[in-house]
Amino acid sequence: DTAVSQTPKYLVTQMGNDKSIKCEQNLGHDTMYWYKQDSKKFLKIMFSYNNKELIINETVPNRFSPKSPDKAHLNLHINSLELGDSAVYFCASSRPNSPLHFGNGTRLTVT
Amino acid sequence: TQLLEQSPQFLSIQEGENLTVYCNSSSVFSSLQWYRQEPGEGPVLLVTVVTGGEVKKLKRLTFQFGDARKDSSLHITAAQTGDTGLYLCAAQNTGTASKLTFGTGTRLQVTL
C-alpha cells in the first residue's frame, strides 16, 4: 500500500529517557514533516525536510532532533523527555505546494 | 504567526441536520485546505480551495473560500453519523511553500 507509516503507534516512557519515532513514506514525495498535536487537538508544525535538507524548524527545543537518512525517511529523536512532551506526533509528506499525506500518529505518554 | 480560528469548537447534532463550520483569519492566503481526522488516525484531505469566492462540492459537503481569501466555510447537508470527526482547516501562504498552518479544529459528533 502507498502510505506514510510511522512507528511505534504508542510510546510510554519515563521522564528523562531518550526515544525515537520512525517515519517512512513510499509516495515519492520530496518533502516530509513532523507535526505535534496537543490535548486540544491543535496541530503545530515542528520540522520540515525537503530532499533530506531541513527547511523548517519551528522553535522546537533542541532536545528534539530530526534525522533524514534519505528522502523517504524522516525520524524524530527526543532526548531527556519531559512531561510536556506528551502528545500525538504526526509524520506527513507532500509534493511542493500540495496537500499533506499524514501517518496515523504516535501517541507519546511521558510519566 | 498567523492564527486560524475555527468555530464552533464543538458541535453535536442529530442525523439529518445541516451545519456550517467556519475558518477565519486576518491574513490572506494563497490556498486553503480542509481535512477530516478520525480517532486514532491522521488528518485526511477533503478539498483545496485556491480562488477567492470559489465553491467546491464533495457530495453533501460544500466548501467556500472567502472573496478576500481570508476565511472559508464548510457546510454539511443532511449530516450522517459517518461525518463524525475533527474538521481542520489549513492555510498556506505564498513563499512559505512547505509550511501549512492548521486551524484550531471543530469536533463534530453526529448521533442517530
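Just to be sure I understand, how many residues within region A:79-105 are open to solvent by less than 20 Å² (accessible area, probe 1.4 Å) and farther than 14 Å from A:P8 by Cβ?
7
Kindly indicate the residue of region B:18-62 that is farther than 19 Å from A:G103 by Cβ and of a type in the set (F, W, Y) and also farthest from the other protein chains (Cβ to nearest Cβ) among those meeting that condition.
Across region B:18-62, the extreme among qualifying residues is B:Y22.
If a residue must be basic (K, R), within 14 Å of chain B (Cβ to nearest Cβ), outside any strand (DSSP E or B) and more than 26 Å from B:T48 (Cβ to Cβ), how many such residues does region A:57-111 contain?
Qualifying residue count, region A:57-111: 0.
Test B:T81 against the stated conditions and say whether it is more than 12 Å from chain A (Cβ to nearest Cβ), at pLDDT 95 or above and on the phi < 0 side of the Ramachandran plot.
yes
Is there a residue being exposed (fewer than 14 other Cβ atoms within 10 Å of the Cβ), of a type in the set (V, I, T), more than 10 Å from the chain's Cα centre (by Cα) and over 29 Å from B:L4 (Cα atoms) anywhere in region A:13-34?
no
When the residues of region B:7-49 are narrowed to those that are among the aromatic types (F, W, Y) and modelled with pLDDT of 95 or more, which ends up nearest to A:L108 (Cα to Cα)?
It comes out as B:Y35.
Would you be able to say whether some residue in region B:54-68 is at pLDDT 95 or above and closer than 27 Å to A:Y10 by Cα?
Scanning region B:54-68 turns up no residue that is at pLDDT 95 or above and closer than 27 Å to A:Y10 by Cα.
Which one of these does A:V88 not meet: (1) at negative phi; (2) modelled with pLDDT of 90 or more; (3) over 11 Å from the mean Cα position of the chain (by Cα)?
That leaves (3) as the condition not met.
Can you say whether A:S65 is more than 26 Å from B:L4 (Cβ to Cβ), within 12 Å of the chain's Cα centre (by Cα) and not hydrophobic (A, V, I, L, M, F, W, C), as far as the supplied structure shows?
Considered against the rule, which asks whether it is more than 26 Å from B:L4 (Cβ to Cβ), within 12 Å of the chain's Cα centre (by Cα) and not hydrophobic (A, V, I, L, M, F, W, C), A:S65 comes out as yes.
So in region A:35-56, with the set limited to residues that are more than 10 Å from chain B (Cβ to nearest Cβ) and on the phi > 0 side of the Ramachandran plot, which one is least open to solvent (accessible area, probe 1.4 Å)?
Among them, the one singled out is A:N51.
The values are calculated or read from the model by the stated rules, or taken from the named source; none is laboratory data. Since the model is a prediction, treat every value here as computed from it, not as a measurement. Neighbour counts are summed over all protein chains in view; Cβ atoms, including those assigned to glycine, are modelled from backbone coordinates with ideal geometry. Only protein heavy atoms, including side chains, enter the accessible area calculation; ligands, DNA and RNA are left aside. Shrake-Rupley method; radii C 1.70, N 1.55, O 1.52, S 1.80 Å.
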